[in-house]
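The values are calculated or read from the model by the stated rules, or taken from the named source; none is laboratory data. Remember, it's a predicted structure, so these values are computed and weren't measured experimentally. Quick reminder, even Gly has a Cβ in these numbers, built from the backbone with ideal geometry, and neighbours come from all protein chains shown.
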Amino acid sequence: MAMLRSNPKNIFALSTAPGKAGMSVIRLSGPSVVNLASIFSIDIPNPRRVKLCKLIHPETKEIIDNPLITYFKSPKSYTGEDVIEISIHGGKAIQNIIFKVLSAHEDFIYAEAGEFTKRAFLNGKLDLLAIEGLNDLVNSETEFQRKQAFDQMEGKLSSLYNKWTSQLIKNLSYIEATIDFIEEELPLNLISEQKKEIMNIYREIEDHLNDANKGERLRDGFRIIIAGAPNTGKSSLLNHLSNRDIAIVSPIAGTTRDSLDTYLDIKGFPVIITDTAGIRKARTNIEQIGIKRAESKIMDADLVLWLMDSSKKNNIQVPKSIVNKSIEVWTKSDISIINKKDINISTKMNQGITELIDIIGQYVEEGCRTEGAFITRSRHRDALEKTKNHLDNSIKISEIELELLAEELRSAVNSLGRITGNVDVEDLLEVIFSDFCIGK
C-alpha cells in the first residue's frame with residue numbers, strides 16, 4: 001500500500017453531478033480545510049456530525065446559503081486527510097460563489113480529475129484494485145456490472161492477490177535465509193518444499209487466467225454482431241431490438257455501409273449489438289470499406305446473429321470460421337417459403353423476437369456471469385501473465401542456483417504488486433485517475 005504523503009494544498013470540487021438539483025455536495029480535502037470556518041464565518045461541527053450553518057460571504061457579509069456541513073477528521077475520512085462536505089441547495093449560482101471565494105485563498109485549489117481518490121491511494125486508504133472497482137461502480141449500467149464492481153471495490157480481488165503475494169514473500173524469505181546462512185544446518189528439504197508451494201500458486205494463477213475473459217466482457221459489454229447478406233433485415237432487427245430508428249431501412253441493397261451500435265441490458269448484463277454492412281461482393285469502393293469493417297467486427301464478436309431471408313431459396317451460409325459463435329436467424333417469417341427452421345422472426349409482425357432475445361440471453365449469461373474473483377482489466381491480465389512466467393522460471397531453476405531462484409521470485413512479487421499498487425506504480429496513476437470525474 002502507498003505511504004502517507006503530505007499535500008500542502010487543500011482541494012475542492014463539486015462531488016455530485018453538475019447542473020440544477022435539489023441538493024449538491026461540495027467536497028474539500030487537505031491539511032487545513034477547517035480554515036473554512038474563518039472564511040465563511042461558520043462553526044465546524046464535531047467529526048462525523050452534521051450541522052446546519054449560515055454560509056456568510058467574507059466581503060459582502062450576505063448569506064450565500066444555509067448548507068449542511070459534515071466534517072471527517074484525518075485519518076478517518078475518504079482521502080485520509082481532513083475532509084469537509086458542504087451540502088448546498090443545487091443552484092449553479094451558489095456553487096459559483098463558493099468556488100470563487102475559495103479560489104481567492106492560496107491554500108485552496110480546484111481539484112483535478114480523480115484527485116480525491118488519488119489522495120486516498122497515496123494515503124493508504126484504497127489500493128488500485130479498489131479504486132478501479134469504485135470507478136466501475138460509478139459507471140455501471142446493469143445489475144451484474146454493479147455486483148462485480150462492488151465486489152472488487154470491497155476487496156475480493158485484492159484479497160486473492162495479497163494472499164498469493166504473502167505466500168511468495170514467505171517462500172522468498174526462506175530461500176534468502178538459505179543463501180545468507182549457507183553454513184548453518186537447515187532442513188534438507190527446505191528448498192524443495194518452497195518450490196512445491198510456488199508450484200501451487202503457479203497453478204492457481206493459471207486457473208485464474210483461464211477465465212474466458214468473463215470479467216472483462218462483463219465490464220466492457222458482450223458484443224453481438226448482426227451480419228449476413230444485404231437485405232436480410234439486419235437494420236430492421238437492430239431498430240426493433242433498440243426500440244428506435246437508428247439504422248436506415250431500405251429495400252436497396254448496400255444501404256448500411258458503416259457499423260451502427262445499440263446498447264441493451266439483457267438479464268442484467270451489458271450488451272452491445274452492432275448492425276454491419278451486408279456481406280457480398282462490393283460494387284463500390286465505399287461499400288468495400290464497409291464490408292471490410294464488418295468482417296473485422298465479426299471476427300472480434302462474442303456472438304454473431306447470422307441473418308437469412310426465409311422468403312428466398314438461396315442464402316449465404318454462415319462462414320465456417322465463425323460457425324461456433326453464430327446463431328442462424330431466419331427473417332421475414334411472415335412471407336416465408338422455407339419451413340422448419342429453428343429461429344424464425346418477423347420484425348414487421350413482431351414474431352419470434354421474444355424467443356430470439358431469450359436465446360441471446362442464454363449466450364450472454366454464459367459469456368458474462370462471474371462468481372468469485374475474476375480479472376476485469378487487461379493490465380491485471382498482463383501482470384498476472386508476467387507473474388506466472390516468473391514463477392515458471394523459478395520452478396525450472398536448479399536448487400543450487402538459489403540467487404537466480406530468489407530473483408525470479410522477487411520479479412513475481414513485483415508483478416503482482418503492480419496490480420494492487422503495493423510497489424511503485426507512478427507510471428500507472430495518471431492513466432487510472434484520468435478516468436475519474438473531478439469531484440471523486
### Task
Check whether at least one residue in segment 296-303 is surrounded by 18 or more Cβ atoms within 10 Å (Cβ to Cβ), hydrophobic (A, V, I, L, M, F, W, C), assigned to a loop (DSSP other than H, G, I, E, B) and at pLDDT 90 or above, and report yes or no.
yes
## Note on the structure
Per the filter on segment 275-295, residues surrounded by 14 or more Cβ atoms within 10 Å (Cβ to Cβ) and either modelled with pLDDT of 85 or more or part of a loop (DSSP other than H, G, I, E, B) (or both) are D275, T276, A277, G278, I279, R280, A282
### Message
Can you tell me how many residues within segment 364-385 are surrounded by 16 or more Cβ atoms within 10 Å (Cβ to Cβ) and out of contact with any Phe, Trp or Tyr (no Cβ under 8 Å at 6 or more places or on another chain)?
### Response
10
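Please go through segment 208-221 and pick out each residue that is surrounded by 21 or more Cβ atoms within 10 Å (Cβ to Cβ) and assigned to a helix (DSSP H, G or I). Explain how you work it out, then say what you get.
Step one: list which residues in segment 208-221 are surrounded by 21 or more Cβ atoms within 10 Å (Cβ to Cβ), which gives 215, 217-219, 221.
Matches in segment 208-221: G215, R217, L218, R219.
Please report, ordered by residue number, the helices (runs of 4 or more DSSP H) entirely within segment 104-207 with at least 1 residues that are closer than 29 Å to P270 by Cα, without any contact (Cβ under 8 Å) to a residue 60 or more places away in the chain and of a type in the set (D, E, K, R).
On the way: elements: 115-122, 128-139, 143-153, 156-180.
Hits in segment 104-207: 143-153.
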### Message
For the structure I just gave you, tell me whether I42 is within 19 Å of D107 (Cβ to Cβ), over 28 Å from the mean Cα position of the chain (by Cα) and among the hydrophobic types (A, V, I, L, M, F, W, C).
### Response
yes
### Query
Only one residue in I205, I272, I266, I224 is assigned by TED's automatic domain parsing to the domain that holds R381, crowded, with 16+ Cβ neighbours inside 10 Å, of a type in the set (A, V, I, L, M, F, W, C) and modelled with pLDDT of 85 or more. Which one?
I205
### Task
Could you identify the single residue in S326, S311, S398, S415 that is over 30 Å from L128 (Cβ atoms) and in contact with a Lys or Arg (Cβ under 6 Å, 6 or more places away or on another chain)?
S311
### Task
Starting from residues that are part of a loop (DSSP other than H, G, I, E, B), modelled with pLDDT under 95 and among the hydrophobic types (A, V, I, L, M, F, W, C), keep the ones in segment 375-407 and report whichever is nearest to K156 (Cα to Cα).
I397
### Task
For segment 45-87, enumerate the residues that are part of a loop (DSSP other than H, G, I, E, B), among the polar types (S, T, N, Q) and under 17 Å from V34 (Cβ atoms).
N46, S74, S77, T79
### Task
Only one of these is touching a residue at least 60 places away in the same chain (Cβ under 8 Å), under 29 Å from L126 (Cα atoms), of a type in the set (V, I, T) and in contact with a strand residue (DSSP E or B) (Cβ under 7 Å, 6 or more places away or on another chain): I44, I86. Name it.
I86
### Message
Any residue at all in segment 142-149 that's at pLDDT 95 or above and of a type in the set (A, V, I, L, M)?
### Response
yes
